[in-house]
Amino acid sequence: MTATAAEQNRLTPPSHPQRWLILGVICLAQLTVLLDNTVLNVAIPSLTRELDASTADVQWMINAYSLVQSGLLLTAGSSADRYGRKKMLVAGLALFGIGSLVAGLAQSSTQLIAARAGMGIGGALLMTTTLAVVVQIFDDSERVKAIGIWSTVSSLGFAIGPLIGGVMLDHFWWGAIFLINIPVAVIGLAAVVRLVPESKNPGGERPDLLGALLSTIGMASVVYAIISGPEHGWTSGRVLLTALIGVAVLTGFVLWELHIPYPMLDMHFFRNQKFIGAVAGAILVAFGMGGSLFLLTQQLQFVLGYGPLEAGLRTAPMALSVVALNLTGLGARLVPKLGTPVTIAAGMGLLAAGLAAIALLGGDGYGGMLLGLVVMGAGIALAMPAMANAIMSAIPPEKAGVGAGVNGTLAEFGNGLGVAVLGAVLNSRFAALVPAAVGAASLPAALASATDDGERARITDAFASGLETSQLVGAVAVLAGGLLAAVLLRRAERAESARAGSAEAEVAA
């Protein structure tokens, strides 16, 4: 069962005296992991040329990392709780550093793919243990601010990844984008060993090996289906079979977790309205971010005519506004004043408004899009730390690793869901407006098959209309999710206050 607020206050240790220095160390490690999600994209031409990599090879170089990482998040979090968060943080840094070395010196596509998979294992350990350590070393008064800084690193990684990759490739060979991780991993290891206190679940529960296997296979299958959907088609046999396997295995995981005494993920958490509200909000914020970025890159390149690196840099204002607002601590100051439900509703309302602004104002130029990106960034800066804190505070402190695993898994799932759903809306609208282009694999292919300038203009206008429709659908979904999350969290707070009042009355009696 989940712990009450009073129980959690009793179980949570006081703030660590070197907590801000430790936060800086783990954020540096976190940034390195997140950079590797984006930096490889700008190296694709170099990899194709120097390793003689096929399109399928390049896709696996990129996806091997995210597949392994997303599949192992829950298992990594559970292992951190069981064996020690410091130990798993050290192991994650070591694996990530070794994987980076192998990747940087790879002589073939197969070697690079294997190295990226190894880096994914280290990345899963780092993604979960860093947040779990934040929860352990900060008390309630500073935790929201600390989580806000931690989540800011995600946005910073997205913003500077393409830029760092481009600069490195201008001066060095492609392997340098991996070798640069090694000094960071070494510094991180030394700092973690010296500064970070060890913490783990004092209950000493037995490891849930079957649960770990089921969650890994299930999540990896679902994420693979989402990744391969745009390329192979959502109704293709490969995608449907992989998705079916993932759903079936995850269903088996849930049933297994309900019937064992020491589950990896206690399903009773899902009876807690606070947890459910935070989960719903987290999925839909990731849905809005993942789906909108998928659409924005196409809008910037196919409609407004920017190159890949130019397009990547023009999405940076969203991430930079998140960084600016979280580093000033705005969200952390608003949560105690407004309350978690109102803060999340306001943040997701701004995220929805930003999506709508891009849909309605961004079709004719970058100015309207810039406004929408900044508003989206403000919404994410408010909503994400509050929701991460709500998830972590709804789970007992001794299960902090699992909570971090849940938070990371929700982000992966929401991102993939956003790409799948909003991409499907875009394709459906495009096909309805230009039926003759349905057989084309992409907008460039449809334009190439056009017979005259008039048809090309009609195809481009139809694609822009599809982008607008899908962005508005995303805005409505995010707004509805924000309101749902706020209602559930408000109900949970009222129920918690009622229980606390009853307990005080009993004590007084």
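The values are calculated or read from the model by the stated rules, or taken from the named source; none is laboratory data. As the structure is a computational prediction, the values presented were derived from the model and not from experiment. Methodologically, a virtual Cβ is constructed for each residue, glycine included, from the backbone with ideal geometry; neighbour enumeration extends over all protein chains shown. Heads up: the accessible areas ignore ligands, DNA and RNA and are worked out on the full protein's heavy atoms, side chains in. Shrake-Rupley method; radii C 1.70, N 1.55, O 1.52, S 1.80 Å.
Within region 79-91, being over 13 Å from Leu131 (Cα atoms) and either in contact with a strand residue (DSSP E or B) (Cβ under 8 Å, 6 or more places away or on another chain) or touching a residue at least 40 places away in the same chain (Cβ under 8 Å) (or both) holds for Ser79, Arg82, Tyr83, Gly84, Lys87, Val90. In this structure, is Ile227 buried (at least 19 other Cβ atoms within 10 Å of the Cβ) and either over 30 Å from Gly418 (Cβ atoms) or within 25 Å of the chain's Cα centre (by Cα) (or both)? So Ile227 fits the description; yes.
Residue pairs whose Cβ atoms lie under 8 Å apart, sitting 6 or more positions apart in sequence or on different chains, and linking a residue in region 168-186 that is over 9 Å from Ser100 (Cβ atoms) to a partner that is surrounded by fewer than 16 Cβ atoms within 10 Å (Cβ to Cβ) and of a type in the set (D, E, K, R), are Trp173/Glu50; Trp174/Glu50. The set of residues in region 121-178 being of a type in the set (Gly, Ala, Ser) and open to solvent by 20 Å² or more (accessible area, probe 1.4 Å) consists of Ser141, Ser154. Residues that are at pLDDT 80 or above and more than 20 Å from Ala383 (Cβ to Cβ) number at least 1 in the following helices (runs of 4 or more DSSP H) confined to region 253-345: 308-314. Scanning region 224-278 for residues that are among the small types (Gly, Ala, Ser) and under 28 Å from Glu496 (Cβ atoms) gives Gly277, Ala278. Checked against (1) at pLDDT 80 or above; (2) open to solvent by 70 Å² or more (accessible area, probe 1.4 Å); (3) aliphatic (A, V, I, L, M), Leu433 meets all criteria but (1).
Would you call Gln299 open to solvent by less than 60 Å² (accessible area, probe 1.4 Å) and either farther than 24 Å from Leu72 by Cβ or among the β-branched types (Val, Ile, Thr) (or both)? It is true that Gln299 is open to solvent by less than 60 Å² (accessible area, probe 1.4 Å) and either farther than 24 Å from Leu72 by Cβ or among the β-branched types (Val, Ile, Thr) (or both). One residue alone among Thr48, Thr32 is in contact with a helix residue (DSSP H, G or I) (Cβ under 8 Å, 6 or more places away or on another chain) and either surrounded by fewer than 19 Cβ atoms within 10 Å (Cβ to Cβ) or farther than 20 Å from Pro183 by Cβ (or both), and that residue is Thr48. Scan region 307-321 for residues that are without any contact (Cβ under 8 Å) to a residue 12 or more places away in the chain and open to solvent by less than 60 Å² (accessible area, probe 1.4 Å) and the total you get is 1. Remark: Gly408 falls outside the filter, which requires a residue to be part of a helix (DSSP H, G or I), open to solvent by 10 Å² or more (accessible area, probe 1.4 Å) and free of Cβ contacts under 8 Å to residues at least 12 places away in the same chain.
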